[in-house]
Amino acid sequence: MRSPVVGRREFLRMCGLVGASALAAACAPEVATPAPEEVAEPTSAPEKAAEPTVAEAKPTVAEAEPTAAPASKYQESPMLAAKVEAGELPPVDERLPLEPKLVNEMPSSVLTLESGRFGGDLRTVTAVPEWDADVFVMNNEPIINTPGILAEEITPNIVRDLEVSDDQKEFTFYLREGLKWSDGEPVTTEDVRFTIEDVLFNEELTATFPQKYRAGNSLDGDPMDYEIIDDFTFKLKFSEPYGGFLPVLAIKGWIGYTDLIKPAHYLKQFHIKYTDEETLKPLMEEEAVEDWIQLFSLKDVTNWELCNAHAIGFPRLYPWLLTEVTDQYSIYERNPYYFKVDQEGKQLPYIDRVVSYRVADMETVAMQHITGQVDFARESATMAKMPLYRENEEKGGFKALLARTHVTYTDVFLNWTYDDPVWREVVQNLKFREALAHAIDGDEIIDAVFYGAAEPSTLMRPYDPDKANALLDEIGMDKRDAEGFRLGPDGNTFVIHFETAPISPDQVPTAELVTEFWNTVGVKTQFKQIEDSLRGQRLNANEIQASTVWTHTPLWYMADFMPTWWAPLWWRWWTTDGAEGEEPPEDVQELYRMMESLSAVPPEEGRQIHQQWLDALRDNLYFFVHCERQMQPLIVNAKLGNIVDDPEAFAIAWNFSGEQFYFKE
């Protein structure tokens, strides 16, 4: 079975959605594009493209009253220059740290940076309330980062420098002196001390100390220690070597700075240690919470909440700050205190605002893409629409590019610990899983779902329905019911209830195909689409039998082998030290130890362990990775600068360099 090429007929059908798109646009804010006359030419530029040294950036004290204000070594958006002129903001030199971050978020082999133009609004689109994945990745700032996202190189970000002891137990970080929160308050190690001492080590606020801040990245490892050396220098210390800590701190789990640096000057007013209960009571009543713990948790905005309405007004370090939320859109305005500059000394980001439009569903999202109402889209773009994207590029004023995904999009999971003894007997039999793997036609999924833009999996069994049938007969599932479906060891029809959610455009089509493949070899499979929130509840209750979700298979440091999906009760036992769930077999426990050690060792060893894990996945089929190296469309405004068409780069890496996007003339 092959999916027909989507062409003009589907496009005309989809045009019925134009009304919904137009309605959203009618309720939207006025979108600005930069005009040439808005761009202020520099009065003087730095002599070389290098980060300014501390000495260079220190303000000089005039011995006599100057006759004219000194020219700034930095340039800023006219939007901010107007606020400086009006006395609403200090000059750009006073807003930047003494050593700003000189950007290059993509490897030089992928992106040769151009100095961009200031101004304009970048339009994105989402179908999820208070969430826009593209905006999240563009905004999220870790303490250190890894250009290209492969952890092959670690560079300073929030901090200006870092050092690692020879025994890999101590990590010293140097904050950027003069770095400021979005409200203009300085960032110092008091923010670090407050976060670690008063939040992480406060059992009322942090019931379970995070594994990543334990020695060796182990659940039973000693919690880290810390030392504040001066206003801008701090150390994190571990009792055991932790060679994988830097990749963990740079990107694992899309970590942000909010783990270790919170605005103490703001949050102390909601913390019982610094504000008495009588003062907190009116605040608790106002927010309708029961205690100071709930109040603090509400007021503390983590990186995962940067799209939430309650982030408005919270001090942040992102390039754009959420300032307005309506039912139709969210607006993110440039941060006047953002700490990055380009080679010519221009304070980033180039673009003034990001406007995230919210629409009803993924079909309306696709219509926004096709009609040119979006300037950048990665998360919501889908290969199924690629023919339509290409057909409408010129008319819509956009480009549809292809780049590699950082995930395997639609991996298939069976729940080994589902509460049914017959189910467990069958699913935990490797030959049964091998039979299902042989029944999955990966080439058809590549053609029908990914339009040929993926590669066959190296982690699966080859497509061979005859082999699948033979294996099923061999394990005793050779008897069938009146409809031709196979019976389980209890003599009843063995049924797989396959439930998945449309969290990406590819999930449901893949699940429907896999359902068809398994039914073809006589394993009765019933597919049902459910909401992701319901699926999450059912997963937590161990009620899901089979589903699909993406995993970060290409990214070694993620250790993303999804034990919560293929053996939730075993993983719960492991993560609660035996207090909950069920004890897994020793070979699975060894697998878990391997997963933990991956992030504990230096990157070169971590990559070797990752390969060992992939080998184990291939041998044991814990879940089904049916195709790899999928391509992902990127929808970009044709006038958007610092975008390079490189199909070998990871698509999500463009989001990480979002502050470098600009609109060409």
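So, in the range 631-665, of the ones that are of a type in the set (S, T, N, Q) and either open to solvent by 50 Å² or more (accessible area, probe 1.4 Å) or modelled with pLDDT under 90 (or both), which residue ends up farthest from residue 518 (Cα to Cα)? If you could, list the steps in order and put the result at the bottom.
Step one: of the range 631-665, the residues of a type in the set (S, T, N, Q) are 632, 637, 642, 655, 657, 660.
Narrowing the set further to residues that are either open to solvent by 50 Å² or more (accessible area, probe 1.4 Å) or modelled with pLDDT under 90 (or both) leaves 632, 655, 657.
Working: 632: 27, 655: 38, 657: 42 Å.
Per the stated criteria, the residue is 657.
Quick grid of which residues meet (1) part of a loop (DSSP other than H, G, I, E, B); (2) of a type in the set (A, V, I, L, M, F, W, C); (3) free of Cβ contacts under 8 Å to residues at least 60 places away in the same chain; (4) closer than 23 Å to residue 118 by Cβ:
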| residue | (1), (2), (3), (4) |
| --- | --- |
| 618 | no, no, no, no |
| 622 | yes, no, no, no |
| 634 | no, yes, no, no |
| 645 | yes, no, no, no |
| 655 | no, no, no, yes |
| 665 | yes, no, no, yes |
* Selection from the range 121-139 of residues that are closer than 18 Å to residue 349 by Cα and surrounded by fewer than 22 Cβ atoms within 10 Å (Cβ to Cβ) -> 121, 136, 137
* To do: Would you tally the residues in the range 391-429 being closer than 30 Å to residue 371 by Cα and open to solvent by 50 Å² or more (accessible area, probe 1.4 Å)?
  => 4
* Asked: Within the range 578-610, how many residues turn out to be farther than 23 Å from residue 404 by Cβ, in contact (Cβ under 8 Å) with a residue 24 or more places away in the chain and open to solvent by 50 Å² or more (accessible area, probe 1.4 Å)?
  -> 2
* To do: Mind counting the residues in the range 335-372 that are closer than 24 Å to residue 308 by Cβ, open to solvent by 10 Å² or more (accessible area, probe 1.4 Å) and not aromatic (Phe, Trp, Tyr)?
  => 8
* Asked: Do any strands (runs of 3 or more DSSP E) entirely within the range 71-182 hold 3 or more residues that are in contact with a Pro (Cβ under 6 Å, 6 or more places away or on another chain) and within 30 Å of residue 556 (Cβ to Cβ), and if so, which?
  -> none
* To do: Answer yes if at least one residue in the range 198-209 is hydroxyl-bearing (Ser, Thr, Tyr) and open to solvent by 60 Å² or more (accessible area, probe 1.4 Å), and no otherwise.
  => yes
* **Lone unmet requirement of (1) at pLDDT 95 or above; (2) assigned to a loop (DSSP other than H, G, I, E, B) for residue 511** => (2)
* To do: Within the range 332-355, identify whether any single residue is within 20 Å of the chain's Cα centre (by Cα) and over 27 Å from residue 188 (Cα atoms), and answer yes or no.
  => yes
* **Any hit, the range 268-291, residues being of a type in the set (A, V, I, L, M), within 28 Å of the chain's Cα centre (by Cα) and surrounded by 14 or more Cβ atoms within 10 Å (Cβ to Cβ)** => no
* Which number in (1) assigned to a helix (DSSP H, G or I); (2) aromatic (Phe, Trp, Tyr); (3) crowded, with 22+ Cβ neighbours inside 10 Å marks the one condition that residue 613 misses? -> (3)
* To do: Considering every residue within the range 554-577, establish whether at least one is open to solvent by less than 50 Å² (accessible area, probe 1.4 Å), over 21 Å from the mean Cα position of the chain (by Cα) and polar (S, T, N, Q).
  => yes
* To do: Starting from residues that are more than 21 Å from the chain's Cα centre (by Cα) and surrounded by 21 or more Cβ atoms within 10 Å (Cβ to Cβ), keep the ones in the range 500-512 and report whichever is nearest to residue 446 (Cα to Cα).
  => 510
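The values are calculated or read from the model by the stated rules, or taken from the named source; none is laboratory data. Keep in mind that what you see is a predicted model, and the values were worked out from it rather than measured. Cβ sites come from the backbone with ideal geometry, for glycine too, and all protein chains shown count toward neighbours. Just the protein is used for accessible areas: all its heavy atoms, side chains included, with ligands, DNA and RNA removed. Shrake-Rupley method; radii C 1.70, N 1.55, O 1.52, S 1.80 Å.
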